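For reference, the structure discussed in these notes is given below.
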Amino acid sequence: MTDDGQIVVIDRLKDLMKLADETKFSPQFIENKLKFSPYIKEAVVFGNNREYIAVLINIDYEIVGNWAEKQHLSYTTYTDLANKKEVYGLIEKEVKNINNSLKKEMRIAKFTLLYKELDADDGELTRTKKVRRHFIGERYNTIIEALYSDKETVPVDAEIKFQDGKIAAVHTELFIKSV
């Protein structure tokens, strides 16, 4: 509801979430605002029955890669690029800008950058590229729980399956950024 009493429909009623204080919000609305940034390819918002809103973010590898080259940052893979402190700083600026356009109670409190792109072949997206929030919530539960803790990092040991069928082990540590 807007300040002048108008109702604005921004998501399916069943997809709305509620913070612990009963504040209702549309995760899709916040995700779409984040994806307006050229540096953010995908975002998955969490916060249902929680104290605040937290987000898992996928950077746009190509655009952030071009930005990194202009900054003279070397990197080898998506995981390496997404884990650069400078990239976290870039995304933090984007999140802060988006927060300025949201009501105070709907602002993002914490985020992390995922070590891999969300992929339909991994069941994380539908074939039409829609986020499968429940599946992501289960798969990345350890990371999500870290977003709701006082941790500043979360270790990740995972496997990434490439389109050619090859599998690579990933051992990294994701930063948890408070905004």
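Points worth noting:
- Matching residues in region 55-80 - criterion: being among the hydrophobic types (A, V, I, L, M, F, W, C) and over 24 Å from Tyr148 (Cα atoms): Ile63, Val64, Trp67, Ala68, Leu73
- Test: residue in region 138-152 that is at pLDDT 85 or above, of a type outside the set (Asp, Glu) and in a strand (DSSP E or B): no
- All positions within region 65-124 that are of a type in the set (Asp, Glu), touching a residue at least 24 places away in the same chain (Cβ under 8 Å) and assigned to a helix (DSSP H, G or I): Glu92, Glu94, Glu105, Asp121, Asp122
- Of all the criteria given as (1) at pLDDT 95 or above; (2) part of a helix (DSSP H, G or I); (3) under 30 Å from Glu22 (Cβ atoms), the one not satisfied by Phe135 is (1).
- A Cβ distance below 8 Å, combined with a sequence gap of six or more or placement on separate chains, defines the contacts here; from region 156-179, residues that are crowded, with 16+ Cβ neighbours inside 10 Å reach residues that are hydroxyl-bearing (Ser, Thr, Tyr) and assigned to a strand (DSSP E or B) in the pairs Val156/Thr172; Leu174/Thr112; Leu174/Thr153; Phe175/Thr112; Phe175/Thr153; Ile176/Thr112; Ile176/Thr153; Lys177/Thr112.
- Taking the criterion of being more than 12 Å from Leu114 (Cα to Cα) and under 18 Å from the mean Cα position of the chain (by Cα), the residues of region 161-179 that qualify are Lys177, Ser178, Val179.
The values are calculated or read from the model by the stated rules, or taken from the named source; none is laboratory data. Just so it is clear, the structure is predicted and the values come from calculations on it, not from any experiment. Positions of Cβ are backbone-derived with ideal geometry, glycine not excepted, and every protein chain shown enters the neighbour counts.
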